[in-house]
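**Student:** Structure in structure tokens, see below.
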Amino acid sequence: MSNYSVKDGTCVVRIACAVLFVSFTFLYLYDYQDDILAMAQHVLSDGLTHYNRTIGAVLITVVLWLLQIGFYALFRLQGRAHAITFFPSLLTLAVITSPDNSIDEGFTFGAWLVAWPVLMLICIGVMWYARQVQQYEPVDSSKGFLSRRAWINYVTMCVMFVFVGLFSNHNDVFHYRMHVESCLNDSLFDEALATGEKSNKTDSSLTSLRIHALAEKNQLGERLFEYPLVGGSAAMLPNGKSVKYLMYPEKNLYKNLGCWLKQHMSTMHYLKFVHRHKLATKSAHDYLLCAYLLDGNLDAFVHSIGLYYDIHGQMPKHYREALTLYNHLRSNPFISYRSTIMETDFQDFQTLIHKYNNPVERAAALRDTYGNTYWWYYYNLYSCKSKYNL
């Protein structure tokens, strides 16, 4: 063992760790957690302030870096343990990026109320011990950015980055929801609809937000069943519990439908109310038709569609699919509908159903080929061939 030299590559390691920290923190805040922080600020300020992703990312990064500089000044860890001085900052980063969708029910740090001070005390103890043994640290023969000392610090930094990723909010669906709400606030409907569109993960609130964005684009009957959907018609409107908006004003949704009722009503009660009182907009007509489809109520759909669309003219894709399906399921259909193109596609769909005996393989094949159709949604809704009657 030999005495530790302060000048032995220390500055190089410090600069490298600082660059890693600043780069990670800024990009993590700017590109990944910006919508979570926007949601937290909106809820905690009762909507009085608006989060700016650039200013917020810069300010938080600077403050956390100053916190690290303070711990470095206090403990002067310059060797293999230098990266530990970044832990308090990264721990704080994990805390401020951990809010979830329950924040509107009352702000609380949850487990962090105990975990943060305990981990901070442990970290301070580790830094104090590292400071005591720092003088006995062996001198490395290699120097610079790729020295043994540097690599030990890099690995420590990476482990702490993983810690932040694991214990902050990394719920994909919640991130999708918050980004969609941000987009809706800025009337960026195309970006809202593109958010998470390749993922099969969703929840009732995300379903509701996507339905609203589709209605704003007049694409509800054309594209609704291209997305994963949960909750049936009950997910179409906020209820303050399973379906709720955290940043986007609900009144914007109801304005698009024709009437804003302060009290929460079920989807069907609300839609029937606005139609009965002749308050319904075109979006409300599509909401009603899609509500029937989401619940698998083909008879109600068929009895209503003629009020809003010419069934022998141009109709949205999902309505044509539903009518084709209905005519195959009913021996005495209320409406006789036939489309050569739809009929050919539906025959292929039926063929694929009968091709597989294994339900898992059948479902996978149907989802891969027809996952963007109402036929797949209806089949999956009942999840059994006998009920589907094909």
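The values are calculated or read from the model by the stated rules, or taken from the named source; none is laboratory data. The structure presented is a predicted model; accordingly, all values stated were derived computationally and were not measured. So basically every Cβ, Gly included, is an ideal-geometry build from the backbone, and we count neighbours across all protein chains shown. Protein only, heavy atoms only, side chains kept; ligands, DNA and RNA dropped before computing areas. Shrake-Rupley method; radii C 1.70, N 1.55, O 1.52, S 1.80 Å.
**Student:** Taking the condition in a loop (DSSP other than H, G, I, E, B), surrounded by fewer than 20 Cβ atoms within 10 Å (Cβ to Cβ) and basic (Lys, Arg), does LYS272 pass?
**Tutor:** Values: in a loop (DSSP other than H, G, I, E, B): no; surrounded by fewer than 20 Cβ atoms within 10 Å (Cβ to Cβ): yes; basic (Lys, Arg): yes.
Taking the combined requirement at face value, the residue does not satisfy it.
**Student:** Say whether the condition of being within 29 Å of the chain's Cα centre (by Cα) and either farther than 23 Å from VAL12 by Cβ or not small (Gly, Ala, Ser) (or both) is met by at least one residue in the stretch 65-73.
**Tutor:** Within the stretch 65-73, the subset within 29 Å of the chain's Cα centre (by Cα) is 65.
So of that shortlist, the ones also either farther than 23 Å from VAL12 by Cβ or not small (Gly, Ala, Ser) (or both) come out as 65.
Looking for residues that are within 29 Å of the chain's Cα centre (by Cα) and either farther than 23 Å from VAL12 by Cβ or not small (Gly, Ala, Ser) (or both), one finds at least one in the stretch 65-73, hence yes.
**Student:** Scan TYR370, TYR379, TYR374 and give me the residue that is in contact with a helix residue (DSSP H, G or I) (Cβ under 8 Å, 6 or more places away or on another chain) and modelled with pLDDT under 95. Explain how you work it out, then say what you get.
**Tutor:** Numbers: TYR370 fails: modelled with pLDDT under 95; TYR374 fails: modelled with pLDDT under 95.
After applying the criteria, what remains is TYR379.
**Student:** Still on this structure: Taking the conditions exactly as written (within 30 Å of TRP260 (Cβ to Cβ), assigned to a helix (DSSP H, G or I) and not hydroxyl-bearing (Ser, Thr, Tyr)), does PHE346 satisfy them or not?
**Tutor:** Values: within 30 Å of TRP260 (Cβ to Cβ): no; assigned to a helix (DSSP H, G or I): yes; not hydroxyl-bearing (Ser, Thr, Tyr): yes.
The answer is no for PHE346.
Residue by residue, here is whether (1) in contact with a Ser or Thr (Cβ under 9 Å, 6 or more places away or on another chain); (2) open to solvent by less than 10 Å² (accessible area, probe 1.4 Å); (3) of a type in the set (D, E, K, R); (4) free of Cβ contacts under 8 Å to residues at least 12 places away in the same chain holds:
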{"site": "VAL180", "(1), (2), (3), (4)": "yes, yes, no, no"}
{"site": "PHE189", "(1), (2), (3), (4)": "no, no, no, no"}
{"site": "LEU193", "(1), (2), (3), (4)": "no, yes, no, no"}
{"site": "SER204", "(1), (2), (3), (4)": "yes, no, no, no"}
{"site": "ILE211", "(1), (2), (3), (4)": "no, yes, no, no"}
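**Student:** Pairs, please: C-beta under 7 Å, at least 6 apart or cross-chain, first residue farther than 14 Å from HIS212 by Cα and in the stretch 240-260, second surrounded by fewer than 18 Cβ atoms within 10 Å (Cβ to Cβ) and of a type in the set (Lys, Arg)?
**Tutor:** Filtered contacts from the stretch 240-260: TRP260/LYS251.
**Student:** Here is a further query. From the list ARG320, ARG338, exactly one residue is touching a helix residue (DSSP H, G or I) at 6+ places or on another chain (Cβ under 6 Å) and open to solvent by 20 Å² or more (accessible area, probe 1.4 Å). Which is it? First the steps, then the outcome.
**Tutor:** Working: ARG338 fails: touching a helix residue (DSSP H, G or I) at 6+ places or on another chain (Cβ under 6 Å).
Criteria check complete, one pass: ARG320.
**Student:** Take the residues in the stretch 101-127 that are over 27 Å from TYR72 (Cα atoms) and of a type in the set (A, V, I, L, M); name whichever of them is modelled with the highest pLDDT.
**Tutor:** So the residue we want is ALA111.
**Student:** Report, by residue number, each residue of the stretch 146-170 that is hydroxyl-bearing (Ser, Thr, Tyr) and under 19 Å from THR85 (Cα atoms). Let's see the steps before the verdict.
**Tutor:** Looking only at the stretch 146-170, we keep the residues that are hydroxyl-bearing (Ser, Thr, Tyr), and these are 147, 154, 156, 168.
Once the filter is applied, which keeps residues that are hydroxyl-bearing (Ser, Thr, Tyr) and under 19 Å from THR85 (Cα atoms), the stretch 146-170 yields TYR154, THR156.
**Student:** Is at least one residue of the stretch 282-302 open to solvent by 30 Å² or more (accessible area, probe 1.4 Å) and at pLDDT below 95? Steps first, answer last, please.
**Tutor:** Step one: filter the stretch 282-302 for residues open to solvent by 30 Å² or more (accessible area, probe 1.4 Å), giving 282, 285, 295, 297, 299.
Still in the list and also at pLDDT below 95: 282.
Yes - at least one qualifying residue is present in the stretch 282-302.
**Student:** Quick check on this structure: which one of PHE174, PHE163 is of a type outside the set (A, V, I, L, M) and closer than 30 Å to GLY371 by Cα? First the steps, then the outcome.
**Tutor:** On the way: PHE163 fails: closer than 30 Å to GLY371 by Cα.
That would be PHE174, the only listed residue that is of a type outside the set (A, V, I, L, M) and closer than 30 Å to GLY371 by Cα.
**Student:** Need the failing condition index for LEU27 against (1) open to solvent by 40 Å² or more (accessible area, probe 1.4 Å); (2) at pLDDT below 95, just the number.
**Tutor:** All conditions pass for LEU27, except number (2).
**Student:** Among VAL43, VAL62, VAL12, VAL22, which is the only one that is among the aliphatic types (A, V, I, L, M), in a helix (DSSP H, G or I), open to solvent by 20 Å² or more (accessible area, probe 1.4 Å) and free of Cβ contacts under 8 Å to residues at least 40 places away in the same chain? Lay out the reasoning, then the answer.
**Tutor:** Working: VAL43 fails: free of Cβ contacts under 8 Å to residues at least 40 places away in the same chain; VAL12 fails: free of Cβ contacts under 8 Å to residues at least 40 places away in the same chain; VAL22 fails: free of Cβ contacts under 8 Å to residues at least 40 places away in the same chain.
Matching residue, one of VAL43, VAL62, VAL12, VAL22: VAL62.
**Student:** Can you go through TYR382, TYR377 and tell me which one is touching a residue at least 60 places away in the same chain (Cβ under 8 Å), open to solvent by 40 Å² or more (accessible area, probe 1.4 Å) and either charged (D, E, K, R) or closer than 24 Å to VAL230 by Cβ (or both)?
**Tutor:** Details: TYR377 fails: open to solvent by 40 Å² or more (accessible area, probe 1.4 Å).
Being touching a residue at least 60 places away in the same chain (Cβ under 8 Å), open to solvent by 40 Å² or more (accessible area, probe 1.4 Å) and either charged (D, E, K, R) or closer than 24 Å to VAL230 by Cβ (or both) holds for just one of TYR382, TYR377, which is TYR382.
**Student:** I need every pair where a residue in the stretch 318-341 that is assigned to a loop (DSSP other than H, G, I, E, B) has its Cβ under 7 Å from the Cβ of a residue that is of a type in the set (A, V, I, L, M, F, W, C) and surrounded by 14 or more Cβ atoms within 10 Å (Cβ to Cβ), sequence separation at least 6 or different chains.
**Tutor:** As it stands, the answer is PHE334/VAL302; ILE335/VAL302; ILE335/ILE311; ILE335/LEU323; TYR337/ILE311; TYR337/LEU323, since those pairs meet every condition given.
**Student:** Still on this structure, I have one more. Of SER242, SER199, which residue is surrounded by fewer than 16 Cβ atoms within 10 Å (Cβ to Cβ), in contact with a Ser or Thr (Cβ under 6 Å, 6 or more places away or on another chain) and of a type outside the set (Phe, Trp, Tyr)? Even if it seems obvious, please write down each step before you answer.
**Tutor:** Working: SER199 fails: in contact with a Ser or Thr (Cβ under 6 Å, 6 or more places away or on another chain).
Only one candidate passes the filter, namely SER242.
**Student:** Let me ask something else about it. Given (1) more than 20 Å from the chain's Cα centre (by Cα); (2) modelled with pLDDT under 95, where does VAL155 come up short, assuming only one miss?
**Tutor:** (2)
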